[in-house]
Each structure stands twice: as C-alpha cells, then as structure tokens.
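Colleague: Let me give you the structure first, and then I'll get to my questions.
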Amino acid sequence: MKIIKRILIWCRNILILLFIFSILLVIIYKFVPVYYTPLMFIRMYEQKTIKIEHQWVPVKKISQSMIQAVIASEDNLFMEHNGFDVKQIRVAREEAKKGGRIRGASTISQQTAKNVFLWPGKSYLRKGLEAYFTILIEWIWGKERIIEVYLNSIEMGKGVYGVEAAAKNFYGKYAYQLTNGESALIAAILPNPLKRNPSKPSAYLQERQQNILSLMRKIERIDIGYRP
C-alpha cells in the first residue's frame, strides 16, 4: 500500500508541475515571439530536412487584408467567441451523424493552441489538451495576440511557416504589402497548404479566393494589422 501511495503522490506532483509549467509557458509566449513549434520539428523529421522558412513579424507589420482573409475563411466569429464556436461544432456533429463528410470545426484559437503547444492528431488526449490551452490563451493572451501568433506560426507550404515567409516565398514581398487578392489566395490554401500553391492557383483555388473575398466584404473590419 505504501508503494501505491508513493506512486499516487509522485503522479500528483508531476501533474501539478506540468500545470504550473503550462501556465508559465503561455505567459512567456504572450510577450516572446514563437520561433519554433512542435509541428516544425515534426515536419523536419517527415520531410528529412533541417531547413525551414520562418520569420516572426509583429501584427502591425501584417497586411490588414491578410487578417481579414483568414478570419473570413477560417473563423468569422473569431472576435465574438471565447475560443470555441459551439454552433459550428454542433453542425459538424450533425453532418457526421448523417453520413456526411467529417469536417473540422476548430476556431483560430484552437488551431493556435494546437500549433504552438501540441502535435497533429485526433486522439482524445490531444483534443483535451487543445481545449485546455485554448482556454488559457483566450484568458491570458487576448484576441490580438492570438491572431498574431496564429499568422506567424501556421504552416503555409512545404517548409514555409508564417505569413511573412509565405509572402516572400509566393509573391516576393513583405507581409504588410499583401493585397486583398493575394491574402485571399493564401487563406485559400490553409486547409491543405502542402498540396496547394497560391502563386500558381488552380481553378478550385481561384473559386475559393472569390468566395473569401466576398466573405471579407461581409464581416466587420478588424483594425489590428498594418494600414498604409
């Protein structure tokens, strides 16, 4: 019995330390740029390379149109929800029950939590940790920091991470110089960035671009990024 008690105490202490560490890490990343994420290391292993293109830029040096484009295409209620889009989660579940295509309902906050702190996957453990970190970043970071980290850490092509690297790689310009059309095309590749190229858009990408541009005109303007 003493051994079991010791093991339980040891497990409890480990959990407490992990809990404290997770909060400290979120607090640090509120102020410090996120230069590397778990996904970057996973992709380096998968792609057998040590080269990645990634440059951190503050949100004020990211085109306002890029911010509008990702919110319009990925999470148009981003500024309103507390990290989870309950309506979209319900819709996705109902579609799955009816035999429809299983689709994600992750918000930008959830995607950011996954990209920065976790690994890709669909296990209950990973989803549970994602929900935990989503609550933390919504509480500690706030919306502006979340969108800043999201646009600096998201995968945007093979070895390309963040909007600054994407702008230079695909269009030969800085993130603050992206036009509405270019921003919409970059946003259009995000569901599958390893197989799509915004500088050589297919008919499908061009159609998505037009849909995103239409959505950008409908959602409320969010004045966070660069404005000339």
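The values are calculated or read from the model by the stated rules, or taken from the named source; none is laboratory data. These numbers were taken from a predicted model, which means no experiment stands behind them. A quick note on method: Cβ atoms are made from the backbone with ideal geometry, for glycine too, and the neighbour counts reach across all protein chains shown. These accessible areas exclude ligands, DNA and RNA; they are computed on the full protein's heavy atoms, side chains included. Shrake-Rupley method; radii C 1.70, N 1.55, O 1.52, S 1.80 Å.
Colleague: Using only Cα atoms, find the angle between the long axis of helix 124-140 and the longest principal axis of the chain, and express it within 0 to 90 degrees, rounded to the nearest 10.
Modeller: Roughly 70 degrees, rounded to the nearest 10.
Colleague: Taking the chain as a Gaussian network, Cα atoms linked when under 10 Å apart, which of Ser65, Ser106, Ser202 shows the biggest mean-square fluctuation?
Modeller: It is Ser202.
Colleague: Could you state the angle between the C-alpha long axis of helix 203-218 and the longest principal axis of the C-alpha atoms of the chain, as a value from 0 to 90 degrees rounded to the nearest 10?
Modeller: Computed tilt is about 80 degrees.
Colleague: Could you please report the charge total around Asn169, scoring K, R as +1 and D, E as -1 over all other residues with beta-carbon less than 14 angstrom from its beta-carbon?
Modeller: Details: positive: Lys51, Lys158, Lys168, Lys173, Arg196, Lys200; negative: Glu53, Glu155, Glu164, Glu182.
Residues close to Asn169 contribute a combined charge of +2.
Colleague: Moving on. For Cα pairs less than 8 Å apart in space and 6+ apart in sequence, what is the mean separation divided by the residue count of segment 164-227, i.e. the relative contact order in percent?
Modeller: Normalised by residue count, the contact order of segment 164-227 is 29 percent.
Colleague: How far is helix 180-189 tilted off the main Cα axis of the chain, in degrees rounded to 10, range 0 to 90?
Modeller: For helix 180-189, the angle is close to 40 degrees.
Colleague: For a quick check: with amide H placed at 1.01 Å from N, whose amide H comes under 5 Å from Val160's, ignoring anything fewer than 5 positions away on the same chain?
Modeller: Amide H to amide H, under 5 Å and 5 or more residues apart or across chains, Val160 pairs with Glu53.
Colleague: Starting from the amide H of Lys173, placed 1.01 Å from N in the peptide plane, find each other amide H under 5 Å away whose residue is 5 or more places distant or on another chain.
Modeller: Lys168
Colleague: Taking amide H positions as placed in the peptide plane 1.01 Å from N, state which residues far from Ser63 in sequence (5 or more) or on other chains have amide H under 5 Å from it.
Modeller: The answer is Tyr176, Gln177, Leu178, Tyr226.
Colleague: Given the options Ile135, Ile16, Ile50, which has the most mean-square fluctuation in a GNM of the chain, springs set between C-alpha atoms less than 10 angstrom apart?
Modeller: Ile16
Colleague: Moving on. Determine the dipole magnitude for the chain: charges of +1 sit on the beta-carbon of Lys and Arg, -1 on that of Asp and Glu, nothing else is charged, the reference point is the Cα centre, and the result goes in debye to the nearest 20. Display every interim value, and only then the final one.
Modeller: Values: 34 positive and 18 negative charges, 159 e Å.
Here the size comes out at about 760 debye.
Colleague: Which residue fluctuates the most in the chain, going by a Gaussian network model with Cα springs under 10 Å, if the choices are Gly83, Gly162, Gly172?
Modeller: Gly172
Colleague: Still on this model: Please report, in whole Å, how far the alpha carbons of the chain spread along each principal axis, starting with the longest.
Modeller: On the principal axes, the chain reaches 67, 43, 36 Å in Cα extent.
Colleague: Between Trp10 and Ile219, 0.36 nm times their residue separation minus their Cα-Cα distance comes to what? Could you put the intermediate results ahead of the total?
Modeller: Details: separation 209, 0.36 × 209 = 75.24 nm, distance 5.05 nm.
Between Trp10 and Ile219, full extension yields 70.2 nm more.
Colleague: How large, in percent, is the carbon and sulfur part of the accessible surface of segment 25-65 at a probe radius of 1.4 Å?
Modeller: Using a 1.4 Å probe with all protein chains present, segment 25-65 comes out at 65 percent carbon and sulfur.
Colleague: So, one more: Work out from phi, with θ = phi - 60° and the Karplus expression 6.51 cos²θ - 1.76 cosθ + 1.60, the ³J(HN,Hα) of each residue of segment 13-20, listed in order in whole Hz, and give x for Gly and Pro.
Modeller: Karplus values, whole Hz, x for Gly and Pro: 5, 4, 5, 5, 5, 5, 4, 5.
Colleague: For segment 29-92, which trypsin sites (Lys or Arg not before Pro) are both in a DSSP coil and crowded by at most 15 other Cβ atoms within 10 Å? Write out the running numbers ahead of the final one.
Modeller: On the way: sites: Lys30, Arg43, Lys48, Lys51, Lys60, Lys61, Lys87, Arg90; in loops: Lys48, Lys51.
Within segment 29-92, the qualifying trypsin sites (Lys or Arg not before Pro) (loop, at most 15 other Cβ atoms within 10 Å) are Lys48, Lys51.
Colleague: Right, here's the next one. For Gly157, what charge total do you get from the other residues with a beta carbon under 13 Å from its beta carbon, if Lys and Arg give +1 and Asp and Glu give -1? Walk me through the numbers on the way to the answer.
Modeller: Details: positive: Arg43, Lys51, Lys158, Lys168, Lys195, Arg196, Lys200; negative: Glu53, Glu155, Glu164.
Around Gly157, the surrounding residues sum to +4.
Colleague: Please tell me the relative contact order of the chain in percent, rounded to the nearest whole number, where contacts are Cα pairs under 8 Å and at least six residues apart.
Modeller: Working: 292 pairs, mean separation 65.7, N = 228.
Relative contact order for the chain comes out at 29 percent.
Colleague: For segment 1-95, which chymotrypsin sites (Phe, Trp or Tyr not before Pro) are in a loop by DSSP, counting at most 14 other Cβ atoms within 10 Å?
Modeller: Details: sites: Trp10, Phe19, Phe21, Tyr29, Phe31, Tyr35, Tyr36, Phe41, Tyr45, Trp56, Phe78, Phe84; in loops: Tyr35, Tyr36, Trp56, Phe78, Phe84.
In loop regions of segment 1-95 (DSSP not H, G, I, E or B), the sparsely surrounded chymotrypsin sites (Phe, Trp or Tyr not before Pro) are Tyr35, Tyr36.
Colleague: For segment 120-165, would you read off the P(r) tail past 13 Å as a percentage of all alpha carbon pairs? Don't jump to the answer; show the numbers that get you there.
Modeller: Working: 661 of 1035 pairs.
The answer is 64 percent, as a whole percent.
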